[in-house]
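Quick notes on the structure that follows.
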Amino acid sequence: MASAFRPEQARIPPALALPKAISNLFCFTYRFKIGLCQLTVTPDKERNIKHARKVIKEAAQKGAQLVVLPEIWNSPYSNDSFPVYAEDIDAGHDASPSTAMLAEVSGQLKITIVGGSIAERCGDKLYNTCCIFGTDGKLKAKHRKIHLFDIDFPGKITFMESKTFTAGETPTIVDTDVGRIGIGICYDICFQELAMIYASRGAHLLCYPGAFNMTTGPSHWELLQRSRAVDNQLYVATCSPARDSGAGYIAWGHSTLVGPLGEVIATTEHDEDIIIAEIDYSILEQRRTNLPLAKQKRGDLYRLVDIRRLDAHCRV
């Protein structure tokens, strides 16, 4: 009877299998430590960059092979600040001191860095952009925040990110020395379809640099992380700025690593901190065998269509 559900048709094109490690080539490691760096952010950009460098090195010294930074870690989180602190990432070097530091440190320490996000200037547009650097210090991928944070809770918080930023157009999945990682930024985590696309593309881990606030944070910051993890049976890591009660925008904090059953593996409070926790990809297949969601999807009733991958598939 189960075959009548056509689970293979529930995702179009069909989901890719999890990438496997090839021991003799050592494509990536199955078990490693991740460092989530919950940073204090100030109006002093140079200080923020120097401090991030120091904290990344500290995380690496504690064994982290993958280090994740927060959303907008080099400037205050405000529409007034974004244009002032924006960098031309593609030009690099002096035009983008924040990413130049990340490239230098990742290559120097031989670690993978999911570089939180910074305001990126590209022509006459600004983007909220995350850069991922490999162990060779080279830029492996760049994710521009797809879903812009436009919300209105009267009497609590109103923020319109679209007043300054342009929305990104492309889901970002990247193969690294520590597995296949899907990237989202903050509000991207609210949209389950993006996470489902990453899972369908064979992601082991989703990383969401974020800056949830004192209204949205208590209500669903952890809930969303656990939901994305358990729905897709993979790891989810988030990294927030530390809380500054005197800032115009106050971050919730609580950077977290969640496992494929939705279990909270490690988390912190709201002060500056570094989480060092272990990820073990060997349990992903085990969890998917224990709870075979992929084999039980009702392709006869619903389908997730990965538009970009379908277009590429049709062109072949």
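Structure above, values below:
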quantity: Ellipticity estimate at 222 nm from DSSP helix runs (n ≥ 4, -39,500 (n - 2.57)) divided over the chain, nearest 500; calculated: -8000 deg cm²/dmol
quantity: At q = 0.08 Å⁻¹, base-10 log of I(q)/I(0) for region 31-315 (Debye sum, equal scatterers on each alpha carbon); calculated: -0.30
quantity: Relative contact order for the chain, counting Cα pairs under 8 Å that sit 6 or more residues apart, in percent; calculated: 23
quantity: Sorted peptide list for 158-167, 96-105, criterion being average Cβ within 10 angstrom, highest first; calculated: 96-105, 158-167
quantity: Mean Cβ neighbour count within 10 Å, used as a protection proxy, ranking 57-68, 131-142 highest first; calculated: 57-68, 131-142
quantity: Ranked packing of 248-259, 296-307, 272-283, most packed first, by mean Cβ within 10 Å; calculated: 248-259, 272-283, 296-307
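Where a number appears in this text, it was derived from the coordinates with a stated rule and is not lab data. Keep in mind it's a predicted model, so treat the numbers as computed, not measured. Counting neighbours? That spans all protein chains shown, and the Cβs are built from the backbone with ideal geometry, glycine included.
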